[in-house]
Amino acid sequence: MSKVKVIHTAEELHQFRKKLVKNSQTLGFVPTMGALHNGHISLIEKSIQENDYTLISIFVNPKQFNNSVDLKEYPRTLSADLSLLTGFQNCVVFAPDEAELYPQNDGFIPMDLGSIGSVLEGAFRPGHFEGVVHVVHNLFRLVEANQSYFGQKDFQQLAIIRLLTKHFGFQTRIIGCPTVRETNGLAMSSRNMRLSKKERQDALIIIETLRLVESCKDKESLNDTIDSAKRLFHTGNLTLEYLALVDPETLCELQEWQENQICCIAAHCGSVRLIDNLLF
Ligand code: PAF
């Protein structure tokens, strides 16, 4: 089976892009920080279905880590990632180094993220979204994809990517894709690699709590639901950072049930910070 082609420089990417344009071929883009799992694979497969070529970027972006231990511990598994992609047709991996992705005078002008950037993850991880916006801006400018694929597990990130795409006038279409879960319900995440067997079991309290909240919709008041959800969560071994029911568009906290809402949880499982959400 053929190995996936890997390019490292902006110039190689430029040449690859030029060839596609010449042949009128479309490009799908899946940005990642590596440590690929089935969640990423589902994005890649969707992109392969919908485009002539797919570019997967693998870059652990230091700018989006507000915690130096988290950055140090983030799994870096490039050779395993490339093995996983063996046999995927019409895929290219872009694995730049920091100097390549952040050249001096890269022309990036920070944008105001408004309230969407300051709630939930924004409140607990200062600077995180600013770092995401910077790297995605630089990637979008180099890649010029027709469509770009992001997971809904990072729901707030997806909202911010839509905002930045509009703000900077990128032409790529943003496609949000459903969260992929283990059969026991644990949302797939590169960070799961750092969980022990027991912690993987403990982490199931997240999805159990989200499902409890969903089951209370229109039956219990929203406040009572949040109280019960927190009570359930605290029977487990994780430390809760936030549990919030918000509007899927504005991410503003809700006072009462509406047709659609999203419940978001962030919590620490041992030394690993996990997030998950359920839209219902
Ligand atoms: O979701 C991720 O893996 C990262 O935040 C992204 C979008 C690749 C930017 O570094």
Review point. Exactly one of (1) touching a Ser or Thr at 6+ places or on another chain (Cβ under 7 Å); (2) open to solvent by less than 10 Å² (accessible area, probe 1.4 Å); (3) without any contact (Cβ under 8 Å) to a residue 40 or more places away in the chain; (4) closer than 30 Å to Thr26 by Cβ is unmet by Cys177. Its number?
Key: (3)
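If we only count strands (runs of 3 or more DSSP E) wholly inside segment 1-74, which ones have 1 or more residues that are touching a strand residue (DSSP E or B) at 6+ places or on another chain (Cβ under 7 Å) and within 16 Å of the ligand (Cβ to nearest atom)? Spell out how you get there, then give the answer.
Values: elements: 5-7, 27-32, 53-58.
Fully inside segment 1-74 and qualifying: 27-32, 53-58.
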Exercise for review: Check segment 52-59 and report whether any residue there is free of Cβ contacts under 8 Å to residues at least 40 places away in the same chain, of a type outside the set (Lys, Arg), open to solvent by less than 70 Å² (accessible area, probe 1.4 Å) and more than 25 Å from Pro103 (Cα to Cα).
Suggested key: yes
Revision key, fill the gap. Residues of segment 232-258 being in a helix (DSSP H, G or I) and within 23 Å of Val119 (Cα to Cα), in sequence order, are Phe233
Review point. Of Leu163, Leu139, which residue is within 18 Å of Gly34 (Cβ to Cβ), in contact with a Leu (Cβ under 8 Å, 6 or more places away or on another chain) and either open to solvent by 40 Å² or more (accessible area, probe 1.4 Å) or within 14 Å of the ligand (Cβ to nearest atom) (or both)?
Key: Leu139
**Study point:** Given (1) within 13 Å of the ligand (Cβ to nearest atom); (2) surrounded by fewer than 22 Cβ atoms within 10 Å (Cβ to Cβ), index of the condition Gly151 fails
**Key:** (2)
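Take the residues of segment 12-51 that are hydrophobic (A, V, I, L, M, F, W, C) and open to solvent by 10 Å² or more (accessible area, probe 1.4 Å): which is farthest from Ala187 (Cα to Cα)?
Just the residues of segment 12-51 that are hydrophobic (A, V, I, L, M, F, W, C), to begin with: 13, 16, 20-21, 27, 29-30, 33, 35-36, 41, 43-44, 48.
Next, from what is left, pick out any that are open to solvent by 10 Å² or more (accessible area, probe 1.4 Å): 16, 21, 33, 36, 41, 43, 48.
Working: Phe16: 34, Val21: 37, Met33: 17, Leu36: 14, Ile41: 14, Leu43: 15, Ile48: 23 Å.
Ranking the qualifying residues of segment 12-51, first place goes to Val21.
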Review point. Can you name the number of the only condition in (1) open to solvent by 40 Å² or more (accessible area, probe 1.4 Å); (2) more than 11 Å from the ligand (Cβ to nearest atom); (3) part of a helix (DSSP H, G or I) that Gly122 fails?
Key: (1)
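The values are calculated or read from the model by the stated rules, or taken from the named source; none is laboratory data. The structure presented is a predicted model; accordingly, all values stated were derived computationally and were not measured. In this analysis, Cβ positions are derived from the backbone assuming ideal geometry, glycine residues included, and neighbour counts consider all displayed protein chains. For the accessible areas, the whole protein counts, side chains as well, though only heavy atoms, and no ligand, DNA or RNA atoms are used. Shrake-Rupley method; radii C 1.70, N 1.55, O 1.52, S 1.80 Å.
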